1. Could you list all residues from the stretch 60-81 that are over 24 Å from residue 48 (Cα atoms) and assigned to a helix (DSSP H, G or I)?
2. Return a yes/no flag: does the stretch 93-102 have any residue that is assigned by TED's automatic domain parsing to the domain that holds residue 55, over 22 Å from residue 57 (Cα atoms), loosely packed, with under 11 Cβ neighbours inside 10 Å and modelled with pLDDT of 90 or more.
3. State all residues of the stretch 44-81 that are closer than 29 Å to residue 100 by Cβ and surrounded by 13 or more Cβ atoms within 10 Å (Cβ to Cβ); if no residue qualifies, say none.
4. Being touching a residue at least 12 places away in the same chain (Cβ under 8 Å) and within 16 Å of residue 54 (Cβ to Cβ) is the filter here, so list the residues in the stretch 82-108 that pass it.
Amino acid sequence: MTKKDEVCSDDNLLAMISLPAGSQVPDPSTGLSTSEEYDLYFRILRDNPGLLEWSRVCLSVYDAQLKDLDQTSLTPDEKLQILHGILLVQRVTLEKWVKIGESLRRET
């Protein structure tokens with residue numbers, strides 16, 4: 001069993017999320033991070049989900065985050081940053097749905 005399998009086998013901790021390949025955040029001290037380190041830490045399963053599945057996952061993640069937000073000891077500014085991140089993801093997702101809708105409208 002690999003280290004990744006060990007981390008990912010405990011489904012009680014956090015459900016896996018899907019992100020496009022190449023998405024990672026660098027280590028603040030070195031500026032470097034491997035995809036494997038990032039994926040293990042955040043329990044990310046890299047694949048290319050369809051927009052519908054992505055949207056479903058976003059909704060479940062948002063529900064969990066918003067429920068948890070009131071129970072955290074985060075500062076108001078930290079909570080604002082989380083909400084800002086949620087809105088950014090929602091905007092990108094909605095833009096993709098709008099493109100699909102516009103494309104379908106042109107076809108009919």
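1. 66, 67, 68, 69, 76, 77, 78, 79, 80, 81 - these are the residues of the stretch 60-81 that are over 24 Å from residue 48 (Cα atoms) and assigned to a helix (DSSP H, G or I).
2. Checked against the condition, which is being assigned by TED's automatic domain parsing to the domain that holds residue 55, over 22 Å from residue 57 (Cα atoms), loosely packed, with under 11 Cβ neighbours inside 10 Å and modelled with pLDDT of 90 or more, the stretch 93-102 yields at least one hit.
3. Hits for the stretch 44-81 are 44, 45, 46, 49, 54, 55, 57, 58, 61, 62, 65.
4. 86, 89, 90, 93, 96, 97, 100
The values are calculated or read from the model by the stated rules, or taken from the named source; none is laboratory data. No experiment lies behind these values; they were computed from the predicted model shown. With ideal geometry, Cβ positions are generated from the backbone for all residues, glycine too; neighbour counts draw on all protein chains shown.
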